[in-house]
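Working notes, beginning with the structure itself.
Computed from the coordinates by the stated procedures, all read-outs in this text should not be read as laboratory data. This one's a predicted model, so the numbers in the text were calculated from it and none came from an experiment. Cβ: placed from backbone, ideal geometry, glycine included. Neighbour counts: every protein chain shown.
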Amino acid sequence: MFIVLVFAVTLSRFRGNHTCPERAVRSFSNRIEQGNFNGLTLTIFYRDTRSTFHFPQSVEDYVGHGMYEYRIIVDGNELEAHKHLLNKISADNLSPVTQAFPIMVKLYYEFAINGRRIFGVVPLHYFDDSRMLINGVEFDWDDSFFDIIKPFLPENSPWLRA
């Protein structure tokens, strides 16, 4: 019973936040506008873009099975120094789409408050077409959702050239 409960709690960390992406982003944006960075963290999980490793097709596999190569955790104080980038995120710019390509997770990041996920983002790049998943819903690409993690990636990260 205990093992089942631990598994359910762990799984709910990834699936438990079924908040509408637009609502989650609006809530996040309001928090940033108010200057409330208490308990806010950004966690970035990524693989080298040149890796030949088979990429998972879900965030649950990617994070839950440790299929990423790097993890960066950014606290509220560091995030506050980049408030100008965080203010560019807007739910008004989100345009839902449906893509026929399979999802391959190479990079994933999530914002959380006191350990509880607000929203998570997976950039999806296909040839000349780019999309992103926010809380599992697919949207047209918006640079502001990638620009916010750039200051926290190492200088030699291939993601800065991607």
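Neighbouring Cβ atoms within 10 Å as the yardstick, rank GLU110, GLU69, GLU22, GLU78 fewest first. Numbers along the way, then the final one.
Values: GLU110 21, GLU69 12, GLU22 18, GLU78 15.
In order of increasing Cβ crowding within 10 Å: GLU69, GLU78, GLU22, GLU110.
Here the convex hull built on the C-alpha positions of the stretch 56-115 has a volume of 124 cubic angstrom per residue. The residues TRP141, TRP159, when put in order of fewest to most other Cβ atoms within 10 Å, stand as TRP141, TRP159.
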